[in-house]
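Reading through the structure tokens given below for one structure.
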Amino acid sequence: MSVPLIGPFVRRHFNLDEHTIRHYAWVIVAIGAAAQMLGSAIRMAFGIVIDPLVDEFGWSPGAIGYSYALMSIVTALFSPVAGWMGSRFGARRTMLVGIVLFLVGMVWVSQTRQLWELYVAYGVVFGIAQALFLVPVVPAVANWFRRHLGLGTGLLLVSWSLGPALVIQLLGFLIESVGWSTTFLMTGIAGSLGMAALLLFFKDSPEQANRTAYGWKPGDRALLTKGAVFNEKNREFQGRIQRTNAFWNLINIHFLGCVGHAVILVGLVPMMTHRGIPYGTAVTALALISIISLATRGITPMLADRFGSKPIMFWSFFGQGAGVLLLLTANTPGEFFLFVALWSLPYGGEGTAFPVINRQYYGHVPMGPTYGWQLLGAGLGMALGGALPGMVFDITGGYTWAIGLSAGFSLAGAAVILLLNPTRQPLIPEWMAETDAQGERVRVIDPVPASAD
Amino acid sequence: MNRQASSKPVDRFRQRDDGARRPWLGVGLLLASAVATLAILVYFGAWAASDRVTAREQDPVPAGTDVAAWEEGLLYVCPFH
């Protein structure tokens, strides 16, 4: 294809003429990205506070690590509740509660003197805060995109990797300069105030802001987004979603995929050092995964939006599972970096198409509860996958089993994806027709244009 | 997709038999994943228990030869250990 033809091709296939930067949806995406960056950065930065806590209190790294595991499980278990709260009370109010708990948790951690306090403050309080803070964001952003949801969620989910990359450096500098306690205190206060200020500009839906959603076209009906009728209709529809196979399959798929990559994210550095690679080189390899995966993290939802989620998700899961097998024979830095370069791409796309496939299956619906259940699967998968490498190494003295398990879980996820319904048709079409038949402005959901698969 | 609103304020959706639609495949696959995960954990747990028991048998002085309840349970459940 000659170069001059690329422009029209991209313009036609990605509907570039329909896009504009002058839309309030981008403000919502930016605020959502800031929330994701802050939450994920504090979570991912936990590793850098372990040594200071060991030095000050003499606790074992393992005992400190339990608070991280507890936080992961609490966040996972609370995700469906957070999703329901976002749908019932609005994302903004739910996130506000999350900010208060975030502040309480961070200040408490900064004043911790006993191990149980760390478990409660970081494991429980921060775990709940993180669920309230992060789960309602994606469904709220989805409310703002009548079309082109893949573009919105793609940009939002890039922040999931970008946050740790930017904030961990800052937190490391602060810990060295002012100590871990003051760092937690400062981060808690500054992060809470900053997010509270940003929430002043956050609106749960375009209807509540008297605006139209991104991609709105004449003929699209405004959606009801609050009130008694909305709550009743939404409750009914969520029950209807739970009667579809896709609802359960997507929880399962998220669980399997997260086990698959958590094994690698947690186990890669010790795996490399076990095979004689210097620690610094191993850490660089891990950092490269975050950077390379940024590309597919952003692009995958757009591709899913344009070409259908099912094939995009299948190849992401298949690539993640098959790519892991390269580790079975990797011994040199070059072989490990080849693995990183190849594996990071499907890994980046593994979990980012879920908001898009929800839209394609269920229409323009408040998807907080559904997304919350999917994040329950993801959270439990991350907790299990994070524990597997160390457990398997302690028992077998190597990482071969961990690599096999990682591949097995990801490929099992790919197999379940093959059993999903095509995304050409919404799964509950009769509901979409009948809500119109009320003769009133009670539409809670709206179908979306069919996708390609 | 043509979605003309009906003039009749009748919600035919409510008249459908919800009970006819059960997500057997989705729930079944989720349960299969849960069972497989549990089996993997039992297998490795029993492996660890077996190693600990063997180690104590070879050097019984510091730890004794008693088998802990969790070790006994995992070894009982796992068919491979």
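The values are calculated or read from the model by the stated rules, or taken from the named source; none is laboratory data. Please read all numbers here as calculations on a predicted model, not as lab measurements. We place every Cβ from the backbone using ideal geometry, glycine too, and count neighbours over all the protein chains shown.
Could you grab me the full set of residues in segment A:136-174 that are among the β-branched types (Val, Ile, Thr) and surrounded by fewer than 24 Cβ atoms within 10 Å (Cβ to Cβ)?
Those that are among the β-branched types (Val, Ile, Thr) and surrounded by fewer than 24 Cβ atoms within 10 Å (Cβ to Cβ): A:VAL158, A:VAL167, A:ILE168.
A:ALA407 - would you say it is within 15 Å of the chain's Cα centre (by Cα), surrounded by fewer than 24 Cβ atoms within 10 Å (Cβ to Cβ) and either within 14 Å of chain B (Cβ to nearest Cβ) or outside any helix (DSSP H, G or I) (or both)?
For A:ALA407, the condition - within 15 Å of the chain's Cα centre (by Cα), surrounded by fewer than 24 Cβ atoms within 10 Å (Cβ to Cβ) and either within 14 Å of chain B (Cβ to nearest Cβ) or outside any helix (DSSP H, G or I) (or both) - is not met.
Can you confirm whether segment A:318-331 contains a residue that is more than 25 Å from A:LEU166 (Cα to Cα), in contact with a Lys or Arg (Cβ under 8 Å, 6 or more places away or on another chain), in contact (Cβ under 8 Å) with a residue 24 or more places away in the chain and buried (at least 17 other Cβ atoms within 10 Å of the Cβ)?
yes
Identify, from the list A:GLY334, A:GLY348, A:GLY308, A:GLY298, the residue that is out of contact with any helix residue (DSSP H, G or I) (no Cβ under 9 Å at 6 or more places or on another chain) and not β-branched (Val, Ile, Thr).
Exactly one of A:GLY334, A:GLY348, A:GLY308, A:GLY298 is out of contact with any helix residue (DSSP H, G or I) (no Cβ under 9 Å at 6 or more places or on another chain) and not β-branched (Val, Ile, Thr), namely A:GLY334.
Can you report the number of residues in segment A:362-384 which are at pLDDT below 90 and either touching a Lys or Arg at 6+ places or on another chain (Cβ under 6 Å) or of a type in the set (Gly, Ala, Ser) (or both)?
Residues that pass the stated criteria total 3.
Each row is one residue, and each column tells you yes or no for (1) within 17 Å of the chain's Cα centre (by Cα); (2) modelled with pLDDT under 65; (3) within 14 Å of chain A (Cβ to nearest Cβ).
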site	(1), (2), (3)
B:ASN2	no, yes, yes
B:ALA5	no, yes, yes
B:ASP17	no, yes, yes
B:ARG52	no, no, yes
B:ARG56	no, no, no
B:ALA68	no, no, no
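Considering A:SER67, A:SER72, A:SER79, which residue is within 20 Å of A:VAL141 (Cβ to Cβ), in a helix (DSSP H, G or I) and hydroxyl-bearing (Ser, Thr, Tyr)?
Answer to the selection: A:SER79.
Go through (1) more than 14 Å from chain B (Cβ to nearest Cβ); (2) buried (at least 18 other Cβ atoms within 10 Å of the Cβ); (3) hydroxyl-bearing (Ser, Thr, Tyr) and name the single condition A:THR225 misses.
(2)
In the list A:MET95, A:MET106, which residue meets the criterion of being part of a helix (DSSP H, G or I), crowded, with 18+ Cβ neighbours inside 10 Å, among the aliphatic types (A, V, I, L, M) and more than 21 Å from the chain's Cα centre (by Cα)?
Just one listed residue meets the conditions, A:MET106.
Suppose the filter is surrounded by 14 or more Cβ atoms within 10 Å (Cβ to Cβ), within 29 Å of A:ASN421 (Cβ to Cβ) and among the aliphatic types (A, V, I, L, M); does A:LEU250 pass it?
Yes; evaluated as a whole, the condition is true for this residue.
Has segment A:233-247 got any residue that is among the aromatic types (Phe, Trp, Tyr), modelled with pLDDT of 85 or more and in contact with a Phe, Trp or Tyr (Cβ under 6 Å, 6 or more places away or on another chain)?
No, segment A:233-247 contains no residue that is among the aromatic types (Phe, Trp, Tyr), modelled with pLDDT of 85 or more and in contact with a Phe, Trp or Tyr (Cβ under 6 Å, 6 or more places away or on another chain).
Just to be sure I understand, how many residues within segment A:383-397 are under 21 Å from A:ALA322 (Cβ atoms) and more than 11 Å from chain B (Cβ to nearest Cβ)?
1
Mind counting the residues in segment A:369-379 that are within 25 Å of B:ALA39 (Cβ to Cβ) and either aromatic (Phe, Trp, Tyr) or over 13 Å from the mean Cα position of the chain (by Cα) (or both)?
1
Test A:GLN208 against the stated conditions and say whether it is under 22 Å from A:GLY90 (Cβ atoms), crowded, with 21+ Cβ neighbours inside 10 Å and not hydrophobic (A, V, I, L, M, F, W, C).
No: the conditions fail for A:GLN208.
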